[in-house]
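Read the structure below first, then the notes.
The values are calculated or read from the model by the stated rules, or taken from the named source; none is laboratory data. Since the model is a prediction, treat every value here as computed from it, not as a measurement. Neighbour counts run over all protein chains shown; Cβ positions are idealised from the backbone, glycine included.
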Amino acid sequence: MNDLTKLMMSEPEYEIPYRDPEKKELADVRKDRIEKSIKIIETALKPNRKACVAFSGGNDSSVLLDVIHKAGIKPDVIWVDTQMEYPKTEKHIENIVSGYGMNLHIAKSNRTPREQWASTGFPMLGKMAARIWMQKNRGKMGFCINVSECCRGIKIIPARFMTKRLGCSVQITGQRGSADDRVRGMRNVKDGNLYFQVKDKIWVANPLNGWTDAEINGYKEKYNLPEHPARERGAKTIGCIYCGGGSQYTNSGYRVLRKTWPEAWYKFMVTWEIGPVILALKYKIHLHHINNAIKEAGGLKYLAENRPWLFDFTRMKPILGYNK
Ligand code: SF4
C-alpha cells in the first residue's frame, strides 16, 4: 500500500470546532436604509429604463424583492435554474414571485454543469483562490478549476440573455457590498450602486449595497419573509448544490451536501467521478496518482460508502469558515 493510500485509509473525520449554529445576528433595519435602497431602484429606472430583477430565492434576493415591492414597481423577475437546485426550489420561487403579482421568467444555460466544467474547469476554492491556484498549477495536476467561468456560463450569461429578450436595459440584483467581508467590501468599491456592464452592455443596479448580514436577517424576520424549503434539511446556502467555492473552509458545501442530500452527494462524487478531483486538490497530488491510490484503497465507491468524510474539504486542515 503506498503512502497516499495509507493516508486515505487512516484519515479520521475532521472535527469542526464547536460554534453555536443557532446564533444569528439580527439588526433592525433603519428606515433610511430602506429609503436609500428605493432611491437606487428609482435612479436605475431613469430615464425610461426597463428593469428586471435577478432573483435566486436566497435571503438577499428575497429582501430585494420585498424592497422593490415597497417601491411600488412590478418588474419582470428572472430566476436562473442552475440545474444544481435543491428539490422544491422552483415552486418556492414561483410562489414568492406570484405573491407580489410579478411575472417570473426562468433562464437556463444551454450547457449542463458537467459540460461547463469540462470546458472551463471545476468550481472549487473561490474566484480569486482558484485563479491563484491555476497560475501555480496549470498543466501540472490533470484538471483545471475556475469559479468565475462556471458562474458566468451557468448563471450570468443566461440571466443577461433573458434580460435582453425581455427588452430590459437594467438588471436589479441582490448583490451587497458590505462591511461583513473583504470580498463584498471590494465589490462595493468596484461596482457601486449602479454601473454599466460593458461586456454585456447592460446596466446593473445593486440597491442592497451596504446592507449587512444582520440587517438582512433582521429584515427577513421583521417582515416574515418565507424561508427556502431546503433550510429545513439543513442547507446553509441556496442554489448550486455542487458548488465547491469555499470548499477549503469548515462550512464547505460538499460536507453540507453529504449531510443534507446524500443521494445527490453520491451522484456527484461517484457517478460523476468528481471525488478524485477533490482529493487531488486536498492532497496536492496529480489526479493520475490519486486515481491509482483510490483503486488500491478499494475503489471510489468503497471510499464514498466507508470513508465519505475524505471528500468534505479541499484542504487537509480546513480554515474556520463563517457561520451562516
Ligand atoms: S455558484 Fe458555483 S456552481 Fe454555481 S454557477 Fe457559480 S461557480 Fe458554478
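Annotations for the structure displayed:
- Condition broken by LYS259, with the remaining ones in (1) in a loop (DSSP other than H, G, I, E, B); (2) more than 22 Å from ILE93 (Cβ to Cβ) satisfied: (1)
- Region 61-71: number of residues that are more than 16 Å from ASN95 (Cβ to Cβ) and either touching an Asp or Glu at 6+ places or on another chain (Cβ under 8 Å) or modelled with pLDDT of 95 or more (or both): 5
- With respect to being more than 17 Å from the chain's Cα centre (by Cα), in contact (Cβ under 8 Å) with a residue 24 or more places away in the chain and either within 16 Å of the ligand (Cβ to nearest atom) or in the same structural domain as PRO113 (by TED's automatic domain parsing) (or both), VAL270 falls outside the description.
- Segments classed as helices (runs of 4 or more DSSP H), wholly inside region 2-107, with at least 1 members that are under 20 Å from PRO229 (Cα atoms), touching a Gly at 6+ places or on another chain (Cβ under 8 Å) and of a type outside the set (Val, Ile, Thr): 59-70, 89-99
- For region 255-276, the criterion of being in contact with a Phe, Trp or Tyr (Cβ under 6 Å, 6 or more places away or on another chain), aliphatic (A, V, I, L, M), modelled with pLDDT of 95 or more and surrounded by fewer than 19 Cβ atoms within 10 Å (Cβ to Cβ) is satisfied by no residue at all.
- Verdict on LYS282 being more than 30 Å from ALA230 (Cβ to Cβ), of a type in the set (Lys, Arg), in a helix (DSSP H, G or I) and not assigned by TED's automatic domain parsing to the domain that holds ALA130: no
- Qualifying residue in region 288-310 (condition: without any contact (Cβ under 8 Å) to a residue 12 or more places away in the chain and assigned to a loop (DSSP other than H, G, I, E, B)): yes
- Cβ pairs under 8 Å, 6+ apart, first in region 52-65 and within 15 Å of VAL204 (Cα to Cα), second assigned to a helix (DSSP H, G or I) and small (Gly, Ala, Ser): VAL53/SER61; ALA54/SER61; ALA54/ALA159; PHE55/SER61
- Matching residues, region 168-205, being among the acidic types (Asp, Glu), at pLDDT 55 or above and either within 23 Å of ALA27 (Cβ to Cβ) or part of a helix (DSSP H, G or I) (or both): ASP191
- One residue from LYS50, LYS74, LYS91 being surrounded by fewer than 15 Cβ atoms within 10 Å (Cβ to Cβ) and in contact with a Phe, Trp or Tyr (Cβ under 9 Å, 6 or more places away or on another chain): LYS74
- Exactly one residue out of VAL77, VAL147 is assigned by TED's automatic domain parsing to the domain that holds GLN171, more than 13 Å from the ligand (Cβ to nearest atom) and not polar (S, T, N, Q): that is VAL77.
- You will find that of PHE161, PHE122, the residue that is among the aromatic types (Phe, Trp, Tyr) and surrounded by fewer than 19 Cβ atoms within 10 Å (Cβ to Cβ) is PHE161 and no other.
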